[in-house]
Every structure is written in structure tokens, then in C-alpha cells.
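Derivation of every value follows stated rules applied to the coordinates shown; laboratory data play no part. This structure is a prediction, so every number in the text was calculated from the model and none was measured. Virtual Cβ from ideal backbone geometry, glycine too; neighbours counted across all protein chains shown.
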Amino acid sequence: MFDWNYAWDILPDMLAGLVVTVQATLGGMALALVLGLLWAVAGRSRFRAVAWSVRWLVEFVRSTPLLVQLYFLFFVLPDLGLSMSPFVTGVLGLGLHYSAYTAEVYRAGIEAVPRPQWEAALALNFSRTRTWVAVILPQAVPPVIPALGNYLIAMFKDTPLLAAITVMEMLQVAKLIGSEHFRYLEPLTLVGLLFLAVSLISSRLIRHLEKRYGRI
């Protein structure tokens, strides 16, 4: 039977794991948004070598599992002289993996900008940088906010994979508590409820941003 007293006793530890989970998600999403935009813009470079390399990188990352990428970053990079903490490695892995998906979202938004907008910027003698910053991106980003938000929630639900590289996220904490007390029902139930609660809150926030800044 579900023991509510035991659940309340372990709740502080579960909330500490939730903090790590949220921090990893926000850090990874910030990295994914920046890198994804970089990949999307570089993929339209006038230099074919740059555009082709970026497209190949995005496709490679999208086609390999996140867990394999985390293992590579955590176990292989130290042999190459680059060592990072498990948490930093996890944030980097999440950010790199999801940057490939956000790049495709950005690409769709950029391609939806009408061609006359590009021509108008050219006619006004805008530099390439000013064209992107002042004309293209303000029109390309708002419509894709819902898709970017979906990837935020997906990343949040993928954070349990960080347990594979010893990050003390929420599920890892629950597993350790369960193995210590030989009771898994309560900690795993709390994990599910906390994931559900944060996901629902995130969905409402994303819907608010969509109504305020997005266009359907």
C-alpha cells in the first residue's frame, strides 16, 4: 500500500532532484536555442562547404541516440583531454542534441518569410547581419514558438537519461531512495507526479507565449 508518511519524508530529496532536473533542462534548452539558430543561419551560407557541413552535422545528431551522445561526451572526451563534470556534460549533451531539432524549426520559420522581405532589405542596402536581425528573424521566430516549446517539454522528459552519466536528477534520486529502503512505489510515483506537474505548467506558459508573441 502507498505510505503517505514515507512519501512526505522523501519529498525534500525528490524536490532537490527536481531542481537539478529543471536546471539541466533550462541550461540545455538555452544552448539548444542558440546553437539551433546558428545551425539554421549557417545552413543558408553562401559558402557551400559551410552549408553542407552544417547540414551534415544536424542530420548526424538527429540520427543518433541521445544516450550514445551522452556516453561519448562523458567517457570519450576525457581521453581526448577534455573533462567536464557530469552536470555540465549533461547540459552540453542535451543542448547539442536538441539544437539539431531547433535548427529545423528555425529553418521552417525562416523559409516561411516571404521572398519580397529579403528583396526589400537588399533594396534598402541593408547589410547581411542587419537583414537577419532587423527583418528576417523578427518574422521567423514568433510563429515557431509553439514548436520550440514542445521541444522544451520533450527535453525535460529526456533528463532521466542523465542518470547514465551519474547526474543526480530526479529519477536517479528516486532509484537510490528506493534501493536504500526497498520501497519503489512512493519515490517513482512522486517522480511521475512531479514530471506531470512541471510539464503542465510549462504547457500553460508556452501557450501564453504563443498567444502573446506567436502567429497561427
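Dividing the summed -39500 (n - 2.57) terms of all DSSP H runs of n ≥ 4 by the residue count of the chain sets its mean residue ellipticity at 222 nm at -24000 deg cm²/dmol.
How far is helix 4-42 tilted, in degrees, relative to the longest principal axis of the Cα atoms in the chain, given as a value from 0 to 90 rounded to the nearest 10? Helix 4-42 sits at roughly 20 degrees to that axis. The magnitude of the dipole of segment 68-209, with charges of +1 and -1 set on the Cβ of Lys/Arg and Asp/Glu and taken from the Cα centre, is near 400 debye. Here the extension length gained between GLU119 and LEU26 equals 29.8 nm, from 0.36 nm per residue of separation less the Cα-Cα distance.
Here the extension length gained between ALA108 and PHE72 equals 10.0 nm, from 0.36 nm per residue of separation less the Cα-Cα distance.
Taking the centroid of alpha carbons for each part, segment 141-183 and segment 76-121 are 19 Å apart. Projecting the Cα atoms of LEU122, LEU66, LEU18 onto the charge dipole of the chain (Cβ charges, centred on the Cα centre) puts LEU122 farthest toward the positive pole.
Between ASP3 and ARG46, full extension at 0.36 nm per residue minus the direct alpha carbon distance yields a gain of 9.2 nm. Across every pair of non-identical alpha carbons in the chain, the mean reciprocal distance, once inverted, gives a Kirkwood radius of 19.3 Å.
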